[in-house]
Amino acid sequence: MGYVLVEQSLYSEAKPHLNRAVLLDADSPDANYLLGKALLEMADLAGAIASLHAALSLKPDFEFAMRDLSRALFENGQKERARALISKGAELFPHSADFQYYQGNLWADELRHEDAFESYGRALALRPDFVEVYENLAQVLVELGRVEQAIASARRALALHPGSMGAHHNLLWAMLFLPAGDGDTYIAEARAFGSKAAAAALPFSSWSGSALKAASRDAAQRLRVGFVSGDFAVHAVGFLLDGILPRLNPGKLELYAYSMNQHDDGLTERLKRSFAQWTPIAGLSDKQAAHRIHADRVDILIDLSGHSARNRLPVFAWKPAPVQVSWLGYLASTGVPGMDYILADPLSAPETLHHQFTERVWWLPQTFNCFTPPPAQANLSLVPPPALRNGYITFGSFQRMNKITEEVLALWARVLHGCPTARLRLQNAQLGNQSGRARVGEILQRHGVADDRVIFAGATSGRDEYLASYSQVDVVLDTYPYPGVTTTGEALWMGVPTITLGGGTMLRRIGASLLTCAGLPEWVAWSEDEYVAIATRHALNMNALTLLRQELRDRVAATSLFDAERFAPELENALLAMWQSGASRQ
């Protein structure tokens, strides 16, 4: 019975039967394995590891137990144990694609994307119809800057398994990186995802308790606001929430968290203090998660992930809350029919772009982002521009490699040609690997930039050291079509201006939105020629750069970009207004 239920992906229903089977025969490798598999899918990693280890102890050549135990160890953060088991599995079972696939996942987690690409290739050679490999390969190809190939890989996964949500998430994510992509093409694919999610859901049509009360609430009635995310941790979204949540008025809003985190950290523990209830949903099916949220009588449910990693967008198709909102973690339409609103601002999503969303665009007055300043004890004092001591301007970027495409590097090469003595400093974790540095260096050389004009830096030991690295840069060069968000906020706090290139989608306008809110509209370009001209103009004006470095932190600290005391009431007012608008339609 447990086996039949596992085969139907009914893991919680299978669990009691398999517990009983193990009780009746503790020496059964099959019973221990199936229990471990069910627990793994339910995100009970400790239980899964114990059961799978028992199965493997009873039957040392149990291929599936070895495979799933390596996955459980990896997801539980025991990566060295996972690596040893994967290597052993690949040796014992050379015709198994699974161990090559898991090896690729390990390499991808370590940002060794070229190695991951090769491992996935070996897996596909053994099993050409391996859907999950094509899904993950799409992510790796985005990281390698091969966006067209990433899209092709995601589409191959969909061809093999049209119902795959993961492949569709990765397809939409990859499309955001297309240099010539447009909002109309994207929204058509997002609508297709929405139709698929809707077909797999049975949406709620009524909501009990507070959700059915009158739209105009009295002061004693609080809105229940739920947040769904896998990024309640050391992550860009986690840092953004860190300053906002504690400043939301508990007399107006009661906060609920629905977490996809596999591991909590110090930031997670800090975020938990702002929530009345914290519910892990990583091991719940979409139906189970939707019913749990509905039972909690949440009024407004906010998605913080979009189509990025660890998202639960299909849950929103069940419409577990009467008002549902996309915010912060994804800068395009989700395509989900049950998503009522997307939070933006007038510059990032003007009326001329509203047709690019299935959601209704709701504007916050200045910005929909509010950055959390580093703790005062971090001692991140401002320093004069490094050009004063170096004798040349240093342009910089701290973006991940998936944003540093050949088109971006070609544009930066034009900037360097316009400033013949300037240097380009690039820093991210991927550049700690020789393959990443070699790829960037080769592309820049093809565009006429010599090696001695490029400085590479890898990962830092912590956030304070990372932020201190901005002292090595005079001006940040933004990426395109996927601009920086958190990195732009961090640069502004450290007194370093960013040159950004705006465009025709919400994503492509986010840099323009941030810089305009910061009072730096003159640093926004709307064409590549203007981007180069702005860089050249500011590089020649060291007096202005020096003055800006001194005063920029104080200037931005007084705006909604960093002043959470100012931003929080704006967000509260938006949520209350969305509730009133949504409730009036119920």
Dipole-positive endmost among Gln430, His447, Ala539 within the range 422-580 (Cβ charges, Cα centre): His447
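Cβ under 11 Å from Arg537's Cβ, Arg537 left aside: what net charge do those residues give with Lys, Arg +1 and Asp, Glu -1?
Values: positive: none; negative: Glu522, Glu530.
Net of charged neighbours comes to -2.
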Hey, what do the phi angles of the range 327-333 turn into as Karplus ³J(HN,Hα) couplings, whole Hz, using 6.51/-1.76/1.60 and θ = phi - 60°, x for Gly and Pro? 8, 6, x, 8, 10, 6, 5
Taking a probe of 1.4 Å, how large is the accessible area per residue of the range 149-297, in Å²? 43
Any idea how far apart Glu7 and His417 come out in nm if each label point goes 7 Å out from Cα toward Cβ? 6.4
Can you compute the radius of gyration and Dmax for the range 1-136, using only the Cα atoms, both in Å? 15.1, 48
Where in the range 125-144 does the amide nitrogen come within less than 18 Å of the point 7 Å from the Cα of Arg446, taken along Cα to Cβ? 141-144
Once the dipole of the chain is set up from charges on Cβ (+1 Lys and Arg, -1 Asp and Glu), the residue from the list Ile393, Trp362, Leu124 lying farthest towards its positive end is Trp362
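Dipole magnitude of the chain about its Cα centre, charges +1 at Lys/Arg Cβ and -1 at Asp/Glu Cβ only, in debye to the nearest 20? Intermediate values should be presented prior to the final figure.
Details: 53 positive and 62 negative charges, 129 e Å.
The calculated dipole for the chain is roughly 620 debye.
What is the sum of charges around Asn428, taking Lys and Arg as +1, Asp and Glu as -1, for the other residues whose C-beta is under 15 Å from the C-beta of Asn428? Could the numbers behind the result be given before it?
Working: positive: Arg112, Arg400, Lys403, Arg425, Arg437, Arg439, Arg463; negative: Glu110, Glu143, Glu465, Asp478, Glu490.
Here the count lands on +2.
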Computed [θ] at 222 nm, helices only, for the chain once each DSSP H run of length n ≥ 4 contributes -39500 (n - 2.57): -15000 deg cm²/dmol
May I ask you to give the percent of accessible area on the chain that is carbon plus sulfur, with a probe radius of 1.4 Å? 53
Angle between the chain longest axis and helix 29-41 axis [Cα atoms, degrees, rounded to 10]: 30
With respect to the cross-link table entries Lys88/Lys287; Lys88/Lys403; Lys59/Lys287; Lys15/Lys88, which display a Cα-Cα separation exceeding 31 Å? Lys88/Lys287; Lys88/Lys403; Lys59/Lys287
Tell me which of Ala282, Ser305, Ile293 sits at the most positive position along the dipole axis of the range 255-320, charges placed on C-beta atoms (Lys, Arg +1; Asp, Glu -1). Ile293
What size of dipole, in debye to the nearest 20, comes out for the range 440-569 about its Cα centre when the only charges are +1 on Lys and Arg C-beta atoms and -1 on Asp and Glu C-beta atoms? 200
Would you tell me the accessible area of Glu254, worked out with a 1.4 angstrom probe on the heavy atoms of the protein chains, in Å² to the nearest 10? 30
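Extension gain Thr536-Ser205, at 0.36 nm per residue separation less the Cα-Cα distance, in nm?
Details: separation 331, 0.36 × 331 = 119.16 nm, distance 5.75 nm.
Value of the extension gain: 113.4 nm.
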Between Val454 and residues 5 or more places away or on another chain, the pairs with built amide H atoms under 5 Å apart involve Leu424
Looking at the chain, what % of its DSSP beta bridges pair antiparallel, to the nearest 5? 0
So, over other residues within a Cβ distance under 11 Å of Thr358, counting Lys, Arg +1 and Asp, Glu -1, the net charge is 0
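If you wrap a convex hull around the alpha carbons of the chain, what volume per residue comes out, as a whole number of Å³? Intermediate values should be presented prior to the final figure.
Working: hull volume 88.6 nm³, N = 586.
For the chain, the hull spanned by Cα atoms encloses 151 Å³ per residue.
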Check: the range 164-285 dipole with +1 on Lys, Arg Cβ and -1 on Asp, Glu Cβ, in debye: 560
Can you work out the Karplus-derived ³J(HN,Hα) for every residue in the range 125-132? Use 6.51 cos²θ - 1.76 cosθ + 1.60 with θ = phi - 60°, whole Hz, and x for glycine or proline. 5, 7, 9, x, 9, 7, 4, 4
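Set the Förster distance to 45 Å, then compute FRET efficiency between Ser461 and Ala50 from the Cβ-Cβ distance, nearest 0.05. Intermediate results must be reported in sequence, preceding the final value.
Numbers: r = 34 Å, r/R0 = 0.76.
The computed FRET efficiency comes out at 0.85.
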Compute the angle between helix 183-199 and the longest alpha-carbon principal axis of the chain, please, reported from 0 to 90 degrees and rounded to the nearest 10. 20
Backbone HN-Hα couplings from phi across the range 569-582 [Karplus 6.51/-1.76/1.60, Hz, Gly and Pro as x]: x, 5, 5, 4, 4, 5, 5, 5, 5, 5, 4, 4, 5, x
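For the peptides 179-186, 475-482, 425-432, 513-520, what is the packing order when you average, over each peptide's residues, the other Cβ atoms within 10 Å and list the highest mean first?
475-482, 513-520, 425-432, 179-186
The values are calculated or read from the model by the stated rules, or taken from the named source; none is laboratory data. None of these values were measured; they are calculated from a predicted model. With ideal geometry, Cβ positions are generated from the backbone for all residues, glycine too; neighbour counts draw on all protein chains shown. Keep in mind that these areas ignore ligands, DNA and RNA; they rest on the heavy atoms of the full protein, side chains included. Shrake-Rupley method; radii C 1.70, N 1.55, O 1.52, S 1.80 Å.
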